[in-house]
Amino acid sequence: MRMTQLKTIADIQTGPFGSQLHKEDYVETGTPIVTVEHLGNRVFTEQNLPRVSDSDKARLIKYTLSTGDIVFSRVGSVDRCSYVDKSHDGWIFSGRCLRVRPTELVDSLYLYYYFCLEETKQFVRNIAVGATMPSINTKLLGEVEIALPDLNNQKRIAAVLSSLDDKIENNQKLNDNLADLLQTIYQGRFGNDILAVNQGVLSDICSYSTDKVAVSELNVRTYFSTENMLSGKAGSTEATSLPTTSQTTACHKGDTLISNIRPYFKKIVYCEDKCGCSTDVLCFTPSQPCYSAYLFSTLYADKFFAFMVAGSKGTKMPRGDKQQIMTYPVVLPSEEELAGFNTIASPLLEQIYSNRVENKRLSILRDTLLPKLMSGEINVSAIQL
């Protein structure tokens, strides 16, 4: 196994400058643009993607993505990256991202997983410049040292790890479908609020959590911030770090979390266990446990996010207005209606929870194997490709 700098085995490119791409250039249908917000677990999240016309794509051809590229966040969470698969070939990356294009000297998926090593992530965080908003550039990233076994072993390592991620992604897709099914059922029963006899507002069924939890009781899988919540209702990934404060907002089973920064990204998570969240995340606690599924379904609706966006304050980094949010109109179901809804909703949420538990186990297994495979502690030479 030899060590080499990234710049010797990959081309590194910064995204287009602001003068090359403006918000006014975005169109409803066209080529998607990947921003930092779309860097998910291995692959991109696909909701709320800005798009450009064919003519602008031709103008920005230098910033096109190809299968096997790796896209990094250039600012903020600089250790975040996603792998470009066939379904995202031809997309464009934004100016807040860096594109790494591996050469034939390295397996692209192996290189992606090498950057998933905590040791590598920490190194990238350490070389970042800027205190309030860390950033990296092509020069800094190019100097990262990469351990390279022979190409066949690179492919074997990538095959083991990607098989686990494939299962995780399939479970996530299933959960997305289950959540959409739950929303369809909710809309069918309570969506036509004009016909509702008993109407109220959101504060009638929930409140913001004021409880606190010691940060020492949390870990990267039980702490949520706007950084590790994924756009487009895609759940969350692990936090890159925990807060430096001794306490943070506590969340409990049945609560719903929503990122309050740029609410148009629609970041929402249903709590299955006790956890904690940052001040930029709103934790909605149901007034009664029987309202948990109903509250989540209410907040999951596009109509709610549109209401939240309409009342948000600020232009560059809009935030939801906590008082305005609690005035959102809701149907107050009868006990019989609520019980009927929970009969269907509870098994769906339980299955979503079960899939997430399995994903956590698979993630732990992957993260346990990752350093052992990369270091050679586990011999992969016998694995058939």
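Here are a few things to note about the model shown:
- Selection from segment 106-129 of residues that are within 17 Å of residue 7 (Cα to Cα) and free of Cβ contacts under 8 Å to residues at least 24 places away in the same chain: 123, 127
- Pairs are defined by a Cβ separation below 7 Å, a sequence spacing of at least 6 or placement on different chains, a first member in segment 164-186 that is more than 19 Å from residue 295 (Cβ to Cβ) and modelled with pLDDT of 95 or more, and a second member that is among the β-branched types (Val, Ile, Thr) and in a helix (DSSP H, G or I); no pair meets this definition.
- Any hit, segment 290-308, residues being farther than 30 Å from residue 238 by Cβ and within 24 Å of the chain's Cα centre (by Cα): yes
- Meets criteria (farther than 24 Å from residue 323 by Cβ, surrounded by fewer than 14 Cβ atoms within 10 Å (Cβ to Cβ) and touching a residue at least 24 places away in the same chain (Cβ under 8 Å)) for residue 214: yes
- Selected residue [among the charged types (D, E, K, R), modelled with pLDDT under 90 and not assigned by TED's automatic domain parsing to the domain that holds residue 117] from 361, 366, 319, 356: 356
- Within segment 38-64, the set of residues being surrounded by 22 or more Cβ atoms within 10 Å (Cβ to Cβ) and either of a type in the set (Asp, Glu) or more than 17 Å from residue 227 (Cβ to Cβ) (or both) comprises 63 only.
- Residue under evaluation residue 74, criteria (1) within 29 Å of residue 374 (Cβ to Cβ); (2) surrounded by fewer than 16 Cβ atoms within 10 Å (Cβ to Cβ), criterion not met: (2)
- Filtered residues of segment 210-258 (kept if assigned to a strand (DSSP E or B) and in contact with a Leu (Cβ under 8 Å, 6 or more places away or on another chain)): 223, 224, 229, 236, 248, 251, 256, 257, 258
- In segment 122-154, the residues that are surrounded by fewer than 16 Cβ atoms within 10 Å (Cβ to Cβ) and farther than 21 Å from residue 72 by Cβ: 150, 151, 152
- Residues of segment 328-385 that turn out to be outside any helix (DSSP H, G or I), under 30 Å from residue 256 (Cβ atoms) and among the aliphatic types (A, V, I, L, M), as a count: 3
- Residue pairs whose Cβ atoms lie under 7 Å apart, separated by 6 or more positions or on different chains, with the first residue in segment 302-326 and aliphatic (A, V, I, L, M) and the second surrounded by fewer than 19 Cβ atoms within 10 Å (Cβ to Cβ), are 309/264; 325/311; 326/201; 326/203.
- Of all residues in segment 351-362, those that are closer than 13 Å to residue 170 by Cα have Cβ atoms under 9 Å from Cβ atoms of residues that are among the acidic types (Asp, Glu), 6 or more apart or on another chain, in 352/272; 356/272; 362/165.
The values are calculated or read from the model by the stated rules, or taken from the named source; none is laboratory data. Being a predicted model, the structure only gives us computed values, none of them experimental. As a convention, Cβ positions derive from the backbone with ideal geometry for all residues, glycine included, and neighbour counts pool all protein chains shown.
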